[in-house]
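Participant: One structure coming up, written as structure tokens, with questions to follow.
Read-outs throughout are calculated quantities, based only on the coordinates presented, and are distinct from any laboratory measurement. Computed from a prediction, not measured in an experiment: that's the story for all the values here. Glycine also receives a Cβ, built like all others from the backbone with ideal geometry; neighbour counts cover every protein chain displayed.
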């Protein structure tokens with residue numbers, strides 16, 4: 001499907017250029033809307049700090065659940081920010097333009113998903129050691145947690161994208177997005193949190209990373225296709 | 001073959017054909033269920049470890065096996081909807097979702113009752129229980145999506161996509177959970193040897209119960225699909241004729 005780059009720039013662009021343009025556009029829009037950028041991160045911080053209040057301030061108890069708490073909060077933060085992925089584009093009509101473009105939709109959707117991850121997933125990954133410290137996660141597990149989040153949060157964006165694409169046309173969505181997306185995300189949560197817990201007990205964790213990587217590879221190749229199909233259904 | 005295929009897609013043809021099937025299916029279900037239940041609940045000897053509670057197996061295993069089959073079935077129906085735009089496939093996909101949710105719920109409930117007796121707890125975060133629970137959530141998601149989208153055509157396609165994505169995910173969930181925590185015993189194998197752990201006198205009634213519950217499932221699916229056909233085709237002449245005939249009788 002690659003079209004040759006012609007001398008008339010802008011009228012006929014390659015898939016790679018379209019991919020970069022979509023990515024750049026989404027990032028620029030996100031940077032201009034500071035609230036959308038900050039809210040998922042604040043949400044992540046607040047949810048994580050609710051757990052010590054709800055469970056116990058005791059370091060021993062907290063360190064036991066810390067891996068799971070950080071992972072669940074990252075999952076929820078990713079889901080909360082999903083709405084930005086296609087909603088505004090759907091409302092102002094630019095989503096239709098995206099669907100009408102001659103470029104393969106797979107790459108455009110992938111670009112939007114990567115942008116979403118850079119905006120909502122990456123800050124969570126960067127912040128996670130701080131929160132892990134506050135939850136008394138043993139220091140030997142820090143790197144494992146950051147790495148699992150680094151591999152796992154893109155999967156959350158990619159799976160979540162399918163859910164948003166399916167529901168973007170609905171007037172009142174309420175919690176339906178959560179009902180669709182959260183069960184799909186459970187394998188990543190299980191493996192990610194398990195890897196962090198295992199490293200705390202000194203167990204080998206290579207297989208966890210292999211599985212996470214496999215899921216990421218599967219999600220990268222398949223999820224944008226499902227999102228594209230879902231977008232074509234929702235925008236009619 | 002293709003003529004048959006396109007005929008199968010016609011709701012009217014299915015409605016008329018299933019009217020002929022239903023009496024036979026009812027008869028098969030009643031016979032199988034009667035034999036199976038009688039054999040399983042009264043004749044099968046007590047298990048030397050589990051005692052009478054082994055009889056729960058004759059409900060739990062059939063129900064659980066169907067609950068596992070429902071999601072792939074929904075995904076296949078969804079694929080047919082997306083690829084061939086067959087109306088009937090979507091009616092089946094829509095009908096199988098609530099049945100699948102029910103069977104998953106029943107498998108969880110019967111498993112909990114059995115678990116209370118054998119493991120001493122109603123609920124454990126065991127691999128199979130957890131993956132079945134997540135599958136239950138997936139069914140709820142499909143049903144919720146269906147009811148949220150007003151346009152029937154868009155709902156059909158959207159649910160088909162979700163069913164396919166879910167069906168790909170079900171084995172991943174199953175394996176990740178399995179490897180996360182396992183308490184549930186692995187599925188036992190069938191053996192003809194009378195001194196084997198599972199002699200024929202134990203598994204033959206189980207096979208009968210499984211087929212009985214499968215027939216029940218098929219009947220439920222057909223009935224739901226027929227309702228769906230009548231509702232969607234209510235403006236077509238053959239449904240109007242059918243209803244007026246029913247009224248006059």
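Participant: Quick one: helix B:57-84 against the long Cα principal axis of chain B, what's the angle to the nearest 10°, folded into 0 to 90?
Facilitator: Once rounded, one gets 30 degrees.
Participant: Show me, bin by bin at 5 Å from 0, the whole-percent P(r) of region A:134-236 based on Cα pairs.
Facilitator: Pairs per bin, as whole percents: 2, 13, 20, 19, 15, 12, 9, 6, 3, 1, 0.
Participant: Output the peptides B:162-173, B:20-31 sorted from most to least packed, where packing is the average of other Cβ atoms within 10 Å over each peptide's residues.
Facilitator: Numbers: B:162-173: 21.7, B:20-31: 13.1.
Packing order, densest peptide first, comes out as B:162-173, B:20-31.
Participant: What angle do you read, to the nearest 10 degrees and between 0 and 90, between the alpha-carbon axis of helix A:59-81 and the longest principal axis of chain A?
Facilitator: 10
Participant: Moving on to the next point. For each of A:118, B:82, count neighbouring Cβ atoms within 10 Å of the residue's Cβ, then give the residues from fewest to most. Intermediate results must be reported in sequence, preceding the final value.
Facilitator: Working: A:118 16, B:82 19.
Sorted ascending by nearby Cβ count, the order is A:118, B:82.
Participant: Okay, next question. With all pairs of different alpha carbon atoms counted, what Kirkwood hydrodynamic radius in Å does region A:36-101 show?
Facilitator: 13.9
Participant: Mind checking the angle between helix B:237-248 and chain B's longest principal axis? C-alpha axes, 0 to 90 degrees, to the nearest 10.
Facilitator: Its long axis makes an angle of about 70 degrees.
Participant: With a/c under 1.5 counting as rounded, go ahead and sort the protein assembly as shown into rounded, prolate or oblate using the C-alpha gyration tensor (a ≥ b ≥ c being the square roots of the eigenvalues; past the cut-off, prolate if a/b is larger than b/c, else oblate). Intermediate results must be reported in sequence, preceding the final value.
Facilitator: Values: a/c = 2.40, a/b = 1.22, b/c = 1.96.
It comes out oblate by the Cα gyration axes.
Participant: Using a/c under 1.5 as the rounded threshold, could you call chain B rounded, prolate or oblate? The axes a ≥ b ≥ c are square roots of the C-alpha gyration tensor eigenvalues, and prolate needs a/b larger than b/c, oblate otherwise. Please report the intermediate quantities before stating the final value.
Facilitator: Details: a/c = 2.45, a/b = 1.51, b/c = 1.62.
Cα axes put chain B in the oblate bin.
Participant: Roughly how far apart, in whole Å, are the Cα centres of region B:123-153 and region B:69-92?
Facilitator: 17
Participant: Let me ask something else about it. Within a 10 angstrom radius of the beta carbon, how do A:20, B:159 rank from fewest other beta carbons to most?
Facilitator: Values: A:20 14, B:159 27.
So the ranking, lowest neighbour count to highest, is A:20, B:159.
Participant: Still on this structure: Just tell me how shielded A:155-165 is by partners: mean number of partner chain Cβ atoms within 10 Å of each residue's Cβ, no decimals. Mind showing how you got there, number by number?
Facilitator: Working: counts 0, 0, 0, 0, 2, 0, 0, 3, 4, 0, 2.
Neighbouring Cβ atoms belonging to other protein chains average 1 per residue here.
Participant: Quickly rank A:154-166, A:24-36, B:205-217 as a protection proxy: mean count of other C-beta atoms within 10 Å, highest first.
Facilitator: Details: A:154-166: 27.9, A:24-36: 13.5, B:205-217: 20.6.
Top to bottom by mean Cβ count within 10 Å: A:154-166, B:205-217, A:24-36.
Participant: Something else now. Give the relative contact order (percent, whole number) for chain A; include only Cα pairs under 8 Å separated by 6+ residues. Don't jump to the answer; show the numbers that get you there.
Facilitator: Working: 277 pairs, mean separation 56.9, N = 236.
Worked out over chain A, it gives 24 percent.
Participant: Next up: Once you average over the residues of B:151-159, how many Cβ atoms of partner chains fall within 10 Å of each Cβ? Can you show the working numbers first?
Facilitator: Values: counts 3, 0, 2, 7, 1, 1, 7, 10, 2.
Per-residue shielding by partner chains comes out at 4.
Participant: Something else: Using alpha carbon centroids, what distance separates region A:79-145 and region B:15-66, in Å?
Facilitator: 49
Participant: Sticking with this structure for a sec: May I have the convex hull volume per residue, in Å³, for the Cα set of chain A? Present the calculation step by step, with values, prior to reporting the outcome.
Facilitator: Details: hull volume 30.2 nm³, N = 236.
Hull volume over Cα atoms, normalised by residue count, gives 128 Å³.
Participant: Expected output is a single nm value to one decimal: the length gained when fully extending between residue B:230 and residue B:153, i.e. 0.36 nm times separation in residues minus the C-alpha distance. What is it? It would help to have the intermediate numbers written out before the result.
Facilitator: Numbers: separation 77, 0.36 × 77 = 27.72 nm, distance 1.68 nm.
Full extension of this stretch gives 26.0 nm more.
Participant: Using only atoms on other chains, find how many Cβ atoms lie within 10 Å of each Cβ of peptide B:128-140 and report the average. Before the final figure, lay out the partial values.
Facilitator: Numbers: counts 0, 0, 2, 2, 0, 2, 6, 1, 1, 6, 6, 1, 3.
For this peptide, the per-residue mean of nearby foreign Cβ atoms is 2.
Participant: Plugging the Kirkwood radius over Cα pairs into Stokes-Einstein for region A:1-134, at a temperature of 20 °C and a viscosity of 1.002 mPa s, what D comes out in µm²/s? Intermediate values should be presented prior to the final figure.
Facilitator: Values: Rh = 16.9 Å.
Answer, rounded: 127 µm²/s.
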